[in-house]
Amino acid sequence: MSVDFNAIELFSGAGGLSIGLEKAGFQVQLANEIEKDFAATFSFNHPAARMINADIHEIDFSSEVKKLGCGKIHLVSGGPPCQGFSTVGSKNKRDPRNSLFQEYLRAVSEIEPDYILFENVSGFKKLYEGDIYGSLISELSQLGYKTSGGILEASNFGLPQFRQRTIVIGWRHDRPEVALPEPTHFDQLGLFAGKAKVTLIEAISDLPEIESGGSADQYGLQPLTEYQNAMRFGCLALTEHNSAKHGEKMREILSLIPPGGSIEDLPQRLRPKGYFKNTYARLVPHKPSPTITRNFGTPSSSRCVHPFQNRALSTREGARLQGFPDRHVFLGAKTSKNLQVGNAVPPIFGEIIAREIIQSLTGNRLRQAV
């Protein structure tokens, strides 16, 4: 597919959102990420994009766009770090990380793209009676953008994971309108056209069995599902399929967790004094996984134990559930790689929204704002 549209991604992380944008037809020309390992991973997998590994406060985007020499920037995408907005934790309205969305707005004002894509955790829209979300919409309006926004569920679009994100699409007043995409995958197929949601086992069943502390660099099996085919496309060697090495006590704990079970299935002698009910918990194979977090390689974290094997998920299994293709290379230590995977925006969000924007840009569809 020929690429006619230019994008800039802010807070890019390991490049999940950019994978989707480029699959849809955008060329990511410039990216910004403050974390060194994240930026290195992005650059390795997106060599055509210029990466600025620096604090966003220090970047003059007007100047950087001129340096690119690529002409019009059609899209600015990305989402500020979400810890302050998360539905888990202190929910501190004055968390300084919450002000980073003002830097996103500054970048938009300096770049003046035709379209913007803003993403964040679902809590960004819900918390503080919608004050922060309302402020974002109001300030985008002052910059000359109409908007369409809401909360999207990733499993509704073919990701084998339940993961909700707040999505805001904006367009300049003189550009065609864009609406949020409609779901394509459903829990139950009835009269509506669509596909069944992709399950965890449909995403990872072709990956070889490994033990605690083990790894594998060959697939062994041919792809067994459409999703596996897509993830393995163009990739011959298996990478990052490795498990953390669990201690003797942890191995005993894992051996006693039944299918679909959790810490509440363990004898009292193996339970800590305080715990959450979804820790030391096996994943359920025949439905999408719960939301992947940065700690998906740690059994004591929220449900992340392999459905059948006595270990937590491997880095590659976590990446599969996030929608990273197997050819995507992660740089840094294993803890950093898992953090990059867990914090990523699934590529599917970039792809489905970018397709809506391109359809509007090319006049293939007339949509109404909501």
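The values are calculated or read from the model by the stated rules, or taken from the named source; none is laboratory data. A quick note: this is a predicted structure, and the numbers were derived from the prediction, not measured. Virtual Cβ from ideal backbone geometry, glycine too; neighbours counted across all protein chains shown. Note: accessible area is taken over every heavy atom of the protein model, side chains too, but ligands, DNA and RNA are not part of it. Shrake-Rupley method; radii C 1.70, N 1.55, O 1.52, S 1.80 Å.
If you check every pair at least six apart or on different chains, which have Cβ atoms under 7 Å apart with a residue in segment 134-156 that is farther than 19 Å from Glu103 by Cβ first and a residue that is small (Gly, Ala, Ser) second?
Lys146/Gly170; Lys146/Ala369; Ser148/Ala179; Ser148/Ala369; Ile151/Ser122
Considering every residue within segment 256-276, establish whether at least one is within 24 Å of Ser18 (Cβ to Cβ), assigned to a loop (DSSP other than H, G, I, E, B) and without any contact (Cβ under 8 Å) to a residue 60 or more places away in the chain. So that I can check it myself, show each step before the final result.
Of the residues in segment 256-276, the ones within 24 Å of Ser18 (Cβ to Cβ) are none.
Scanning segment 256-276, I find no residue that is within 24 Å of Ser18 (Cβ to Cβ), assigned to a loop (DSSP other than H, G, I, E, B) and without any contact (Cβ under 8 Å) to a residue 60 or more places away in the chain, so the answer is no.
Would you pick out the residues in segment 3-29 that are open to solvent by less than 10 Å² (accessible area, probe 1.4 Å), aliphatic (A, V, I, L, M) and touching a residue at least 40 places away in the same chain (Cβ under 8 Å)?
Scanning segment 3-29 gives Ala7, Ile8, Leu10, Ala14, Leu17, Leu21, Ala24.
Mind listing just one residue for me: the one in segment 277-291 that is in contact with a strand residue (DSSP E or B) (Cβ under 7 Å, 6 or more places away or on another chain) and closer than 23 Å to Gly158 by Cβ and, of those, surrounded by the most Cβ atoms within 10 Å (Cβ to Cβ)?
Ser289
Answer yes or no as to whether Ser62 is free of Cβ contacts under 8 Å to residues at least 40 places away in the same chain and open to solvent by 30 Å² or more (accessible area, probe 1.4 Å).
Working: free of Cβ contacts under 8 Å to residues at least 40 places away in the same chain: no; open to solvent by 30 Å² or more (accessible area, probe 1.4 Å): yes.
When the stated conditions are applied, Ser62 does not pass them.
Within the bounds of segment 241-250, is there any residue that is over 24 Å from the mean Cα position of the chain (by Cα) and within 20 Å of Ser205 (Cα to Cα)? Walk me through it before giving the result.
To start, the set of residues in segment 241-250 that are over 24 Å from the mean Cα position of the chain (by Cα) comprises 245-250.
Narrowing the set further to residues that are within 20 Å of Ser205 (Cα to Cα) leaves none.
Within segment 241-250 (the criterion being over 24 Å from the mean Cα position of the chain (by Cα) and within 20 Å of Ser205 (Cα to Cα)), the answer is no, since none of the residues qualifies.
Looking at segment 35-54, which of its residues are within 18 Å of Leu68 (Cα to Cα) and of a type in the set (D, E, K, R)?
Matches in segment 35-54: Arg50 only.
Taking segment 292-333 as the region of interest, how many residues are modelled with pLDDT of 95 or more, surrounded by fewer than 18 Cβ atoms within 10 Å (Cβ to Cβ) and touching a Phe, Trp or Tyr at 6+ places or on another chain (Cβ under 9 Å)?
4
Can you tell me which residue within segment 35-48, out of those that are without any contact (Cβ under 8 Å) to a residue 40 or more places away in the chain and crowded, with 18+ Cβ neighbours inside 10 Å, is nearest to Glu22 (Cα to Cα)?
His46
Going through Phe330, Phe324 one at a time, which residue ends up being in contact with a Gly (Cβ under 7 Å, 6 or more places away or on another chain), part of a loop (DSSP other than H, G, I, E, B), in contact (Cβ under 8 Å) with a residue 40 or more places away in the chain and of a type outside the set (Lys, Arg)? Can you show your working first?
Numbers: Phe330 fails: in contact with a Gly (Cβ under 7 Å, 6 or more places away or on another chain).
From the options Phe330, Phe324, the qualifying one is Phe324.
What do you reckon, is Gly350 part of a helix (DSSP H, G or I), on the phi < 0 side of the Ramachandran plot and either crowded, with 19+ Cβ neighbours inside 10 Å or among the aliphatic types (A, V, I, L, M) (or both)?
Working: part of a helix (DSSP H, G or I): yes; on the phi < 0 side of the Ramachandran plot: yes; either crowded, with 19+ Cβ neighbours inside 10 Å or among the aliphatic types (A, V, I, L, M) (or both): yes.
Taking the combined requirement at face value, the residue satisfies it.
Name every residue in segment 232-255 that is in contact (Cβ under 8 Å) with a residue 60 or more places away in the chain and either within 16 Å of Ala312 (Cβ to Cβ) or in a loop (DSSP other than H, G, I, E, B) (or both), in order of residue number. It would help to see each step written out before you state the result.
Looking only at segment 232-255, we keep the residues that are in contact (Cβ under 8 Å) with a residue 60 or more places away in the chain, and these are 232-235, 238-244, 246.
Within segment 232-255, Phe233, Gly234, Cys235, Leu238, Thr239, Glu240, His241, Asn242, Ser243, Ala244, His246 qualify.
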